[in-house]
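The values are calculated or read from the model by the stated rules, or taken from the named source; none is laboratory data. Given the structure is predicted, the values throughout are model-derived calculations rather than measurements. Backbone-built Cβ (ideal geometry, glycine too); neighbour counts: all protein chains shown. Heads up: the accessible areas ignore ligands, DNA and RNA and are worked out on the full protein's heavy atoms, side chains in. Shrake-Rupley method; radii C 1.70, N 1.55, O 1.52, S 1.80 Å.
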Amino acid sequence: MTTAEMDVSRTRAWVMAARPQTLPAALAPVLVGTGLAVDADVFAPLPALFALVGAALIQIGTNFANDYYDAVRGADTDDRAGFTRVTQSGLIPAERVKFATAATFGLAILTGTYLVYVGGLPILVIGLVSVFCGWAYTGGPYPLGYHGLGDLFVFVFFGLVAVAGTYYVQAAAVLADPLATGVPAGTVTAESVAAGVPIASLATAILVVNNLRDIETDAAAGKRTLAVRFGERVSRLEYTVMVGLAYATPLWFWVAGDFGPLVLAPLVTVPYAVAIARRVWTVDGPALNDALERTGKLLAVYAACFAGGLVIA
């Protein structure tokens, strides 16, 4: 193997570890939070950009941590039905993946220093807790993902907190002084929390498919996800409920909020969502990888439609 080929292989291995197919879960909430900020006339481009970079770094750091800790805990084996994990497969030494985890979370904290300047103490707390939970999802003495808490973690931090936080830093940049110690007026609204619900739901749906696919190997490794605890049928019901909740939210904005009918733009993705849900209910094992990727794409398209609808409506 030539040096060039080794470099390409190494680069590809790191891309695999970063799992770019999961990035919609990080980018979607920033898109929706920014769309809401534009609608409310508090759009601030620099805080929005830093929120985007920070969210992507936390997502990648979480992926590195999952790759490392699932390997050392024995959850990743040759029998795993999911995508290749670089630590378990030996593509990258475990210690390098562990270092990359710490370095990526460190960059996320460094990026967040500007957002702390803009948003003050609330953003410092949210940022540190988000990084800690990203590590604790599979790391530490009580890994969240191994005790059935992964779904709740994703719903809260990759949905509610991420969307409301994106709106908050932009509103704080426009409406408040830097380094606030409390929550300035007008920076957290009912709409900014509600807008996080569909993003939280679809991000959780991605995890549901992942856990449903890995139910047998997770059970063998002692990883007690909700899928392992309650079985395949309940997991499929959870997926359906999460997707349904995502499509109920725009109706709330239209009926209860001061938004026009264009806020219903995400409903154009309903046929695609139905097709994915049908596949989730009818296939098992490695065949669910397709549904996993499609749910990620659904999240990205839904977020673009929702953000665009909020701006225009």
Subject >> Label-to-label distance, nm, for residues given as Trp252 and Ala102 (7 Å Cα→Cβ offset) >> reply: 4.1 nm
Original post:
Which value in deg cm²/dmol, rounded to the nearest 500, describes the helix-derived mean residue ellipticity at 222 nm for the chain, given -39,500 (n - 2.57) per DSSP H run of n ≥ 4 and division by the residue count?
Top reply: -23500 deg cm²/dmol
Original post:
Taking Cα atoms, how many degrees apart are the long axis of helix 121-136 and the longest axis of the chain, rounded to 10 and kept between 0 and 90?
Top reply: 20 degrees
Subject >> Accessible-area value, Arg213, 1.4 Å probe, nucleic acids and ligands omitted, Å² >> reply: 10 Å²
**OP:** Give me the accessible area of Trp254, 1.4 Å probe, in Å² rounded to the nearest 10.
**Re:** 120 Å²
Original post:
Counting Lys +1, Arg +1, Asp -1, Glu -1, what net charge surrounds Ala203 among other residues with beta carbon under 15 Å of its beta carbon?
Top reply: 0
Original post:
Just by accessible area at a 1.4 angstrom probe, what is the order of Lys223, Lys98, Lys297 from largest to smallest?
Top reply: Lys297, Lys98, Lys223
Subject >> Summed side-chain charge close to Leu310 - residues other than Leu310 whose Cβ falls under 11 Å, Lys, Arg +1, Asp, Glu -1 >> reply: -2
Original post:
Rounded to the nearest whole Å³, what is the per residue volume of the convex hull around the Cα atoms of the chain?
Top reply: 132 Å³
**OP:** Using label points projected 7 Å from each Cα along Cα→Cβ, tell me how many nm separate Ala180 and Ala287, to one decimal.
**Re:** 5.1 nm
Subject >> Rounded accessible area of Thr181 (nearest 10 Å², 1.4 Å probe) >> reply: 120 Å²
